[in-house]
Every structure is written in C-alpha cells, then in structure tokens.
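Participant: Sharing a structure below in structure tokens format, with a few things to ask.
The values are calculated or read from the model by the stated rules, or taken from the named source; none is laboratory data. Keep in mind that this is a model prediction, so the values were computed, not measured. Methodologically, a virtual Cβ is constructed for each residue, glycine included, from the backbone with ideal geometry; neighbour enumeration extends over all protein chains shown. Accessible surface is based on the protein model in full, side chains and every heavy atom, while ligands, DNA and RNA are left aside. Shrake-Rupley method; radii C 1.70, N 1.55, O 1.52, S 1.80 Å.
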Amino acid sequence: MPSFQIFTPAEIESLRKGGKILHDCLQETARHVRPGISTGELDLIAEAYIRSHGASPAFKGYRGFPGSLCISVNDECVHGIPGPRLLKDGDIVSLDGGVVFDGLITDACITVGVGTISPATQKFLNSTKQALDEACRMMKPGIRVGDISHTVQTVVEKAGYHCLRALTGHGLGNTLHQFPDVPNVGKAGTGPVVPVGTILAIEPITSMGTRDIREADDHWTLLSDDGSLTAHFEHTVLFVKNGYEILT
Ligand code: MG
C-alpha cells in the first residue's frame, strides 16, 4: 500500500531551508525575465542560484531532463526544455523548479508576464494563483485530497478557465513524485485524508481554452492542444497540527 511520507522535526527544518532557497531562486530568476532573454539564460541563472546556496537542482538529470528549471512559454504548459528560445514582449513564461537540500525535495512554480501583457492575460494568471492560494487555505485537520482538487477546479472554472486534466500535483520528499496524486479536478470529501507532518506539491495547471494537452516533438514539452495560453502556479505545502505552512 502506498502511503504518505511523514517527516521528523529535523527533516521539516531541512525542507524549510530547501523551500526558501527555491522560493528565492524563482523570484531572482523572474527578475531577469524580459523581452530578448533566452530560456536557457534563465535556466543558468536559476542553477547558479541553487548551487551557490548549498542545494542542487532536483530536475536536472531527472529521467534525463537537461535543465534545472522547466521553462514553458505561452501554450506550453509544463516540462519545457530551457534553450535558445527568446522571450517576446507579451509572452507568459512559467518557471518551474525543484531543489534538493539535505536529500529532501521541494517543488514550486510561478508564471510571469514578459514585458507588457494584456489585462485579460493578467486576469488569467491571477485566477490560477488564486486557485492555489484557496487550495492552501483549505488545509485543516481531516482534509482529504479531493477537497484540494475540488477547490482548485471550482476557482478556475468560476473564472471561466479550465484545468488541464492530465496534469496533477503530488506527494514528494525523498523523491520528486510520490504518493498521493493531487488532481486539479475532483469531488470534495473523497480521496485519502492528509495526515499531519506530510508535504504536498499543489499545482493548478490551467488553460484559457481546452482541458486537453498534447506532447511536442521533443517528447518533453506538453502544450494545450488548442494552442491557448496556459498558466502554472505551485507550492510545496507542509501540513501541521493547526493548518499549513507554505515552504516555497
Ligand atoms: Mg510538481
């Protein structure tokens, strides 16, 4: 039977340290996002930040992935490979990273605009971020995974967008992806009860159009199958006795 990984107080301290490095790394990398910069340059900035803070990038080499971040632009929703692509004014770009610190993994993502983005695009980003924030606020004793899924789906669909259904959040810790899956659509009151002392990566991945994805020719990048813009926000969240703590 798969089960939740429960962390000791010392391990939680390590997760906090790793999570802070990851948070600060994404903020630092986002400060360099501008028209004309390549996704490969952003990846180098992120990797240097992580390594200079005594951690290592969890994604690099994971199943052969070449980058430290997954950097996905516009209709690319996840697993974009950093490289020569130059960002353009009005693009949106997701910076998805993982950090290993003391052998434990945290995972987080932000989506940011490049130069000036349209009000409609900004509203879409805000709604996806709001879905993550509201899902985190659901964390209280007895919460089930389905309560998280239902909250994400409700916020996203109320705003007029869709969750990309094949993509889910997940447990993590000793490994990057472990029990349980945390879907972005689902029924309240269903699924396993989340125990105190575990962590989850909660990550709404949304589109302005479709619910479906397709794979690019590089066999890594996933895109919305109708070319609509996509957004992705993610935190690693720790469940504590009286609620939650966002680690990233
Ligand atoms: Mg994740």
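Participant: May I ask you to verify whether Ile202 is aliphatic (A, V, I, L, M), within 26 Å of Glu11 (Cα to Cα), open to solvent by less than 10 Å² (accessible area, probe 1.4 Å) and in contact with a His (Cβ under 7 Å, 6 or more places away or on another chain)?
Facilitator: It is true that Ile202 is aliphatic (A, V, I, L, M), within 26 Å of Glu11 (Cα to Cα), open to solvent by less than 10 Å² (accessible area, probe 1.4 Å) and in contact with a His (Cβ under 7 Å, 6 or more places away or on another chain).
Participant: Pick from Gly191, Gly171: which is touching a residue at least 12 places away in the same chain (Cβ under 8 Å) and either under 23 Å from Leu26 (Cα atoms) or acidic (Asp, Glu) (or both)?
Facilitator: Step by step, each of Gly191, Gly171 is checked, and only Gly171 is touching a residue at least 12 places away in the same chain (Cβ under 8 Å) and either under 23 Å from Leu26 (Cα atoms) or acidic (Asp, Glu) (or both).
Participant: Can I ask one more? If the Cβ limit is 8 Å and pairs must be 6+ apart or interchain, which residue in the stretch 28-41 that is free of Cβ contacts under 8 Å to residues at least 24 places away in the same chain pairs with which residue that is open to solvent by less than 50 Å² (accessible area, probe 1.4 Å) and of a type in the set (Gly, Ala, Ser)?
Facilitator: Glu28/Ala46
Participant: Give me the pairs, please: first residue somewhere in the stretch 48-68 and hydrophobic (A, V, I, L, M, F, W, C), second residue anywhere and in a loop (DSSP other than H, G, I, E, B) and open to solvent by 50 Å² or more (accessible area, probe 1.4 Å), beta-carbon distance under 8 Å, and either six or more positions apart or on two chains.
Facilitator: Pairs found: Phe65/His79; Phe65/Ile81; Phe65/Trp220.
Participant: Scan the stretch 133-153 and report the pairs whose first residue is touching a residue at least 60 places away in the same chain (Cβ under 8 Å) and whose second residue is crowded, with 21+ Cβ neighbours inside 10 Å and assigned to a helix (DSSP H, G or I), with Cβ atoms within less than 6 Å and a gap of 6+ or a chain change.
Facilitator: Ala135/Ile148; Ala135/Thr151; Ala135/Val152
Participant: Related question: How many of the residues in the stretch 124-138 are in contact with a helix residue (DSSP H, G or I) (Cβ under 8 Å, 6 or more places away or on another chain) and either open to solvent by less than 50 Å² (accessible area, probe 1.4 Å) or in a helix (DSSP H, G or I) (or both)?
Facilitator: 7
Participant: Of the residues Gly67, Gly80, Gly36, which is in contact with a Cys (Cβ under 8 Å, 6 or more places away or on another chain), more than 27 Å from Thr198 (Cα to Cα) and not charged (D, E, K, R)?
Facilitator: On inspection, the qualifying residue turns out to be Gly80.
Participant: Quick check on the stretch 83-116: of everything there that is surrounded by fewer than 19 Cβ atoms within 10 Å (Cβ to Cβ) and among the charged types (D, E, K, R), which residue is nearest to Ser52 (Cα to Cα)?
Facilitator: Asp102
Participant: Quick one: which strands (runs of 3 or more DSSP E) lie wholly within the stretch 6-123 and hold at least 1 residues that are over 23 Å from Ser228 (Cβ atoms) and not aromatic (Phe, Trp, Tyr)?
Facilitator: Ranges flagged: 92-101, 104-113.
Participant: Could you check the stretch 142-193 and list, in sequence order, the residues that are of a type in the set (D, E, K, R), open to solvent by 50 Å² or more (accessible area, probe 1.4 Å) and more than 14 Å from the chain's Cα centre (by Cα)?
Facilitator: Those that are of a type in the set (D, E, K, R), open to solvent by 50 Å² or more (accessible area, probe 1.4 Å) and more than 14 Å from the chain's Cα centre (by Cα): Arg144, Glu157, Lys158, Arg165, Lys187.
Participant: Which residue out of Gly80, Gly67, Gly18 is within 16 Å of the ligand (Cβ to nearest atom), in contact with a Pro (Cβ under 9 Å, 6 or more places away or on another chain) and either open to solvent by less than 10 Å² (accessible area, probe 1.4 Å) or modelled with pLDDT under 95 (or both)?
Facilitator: The match here is Gly67.
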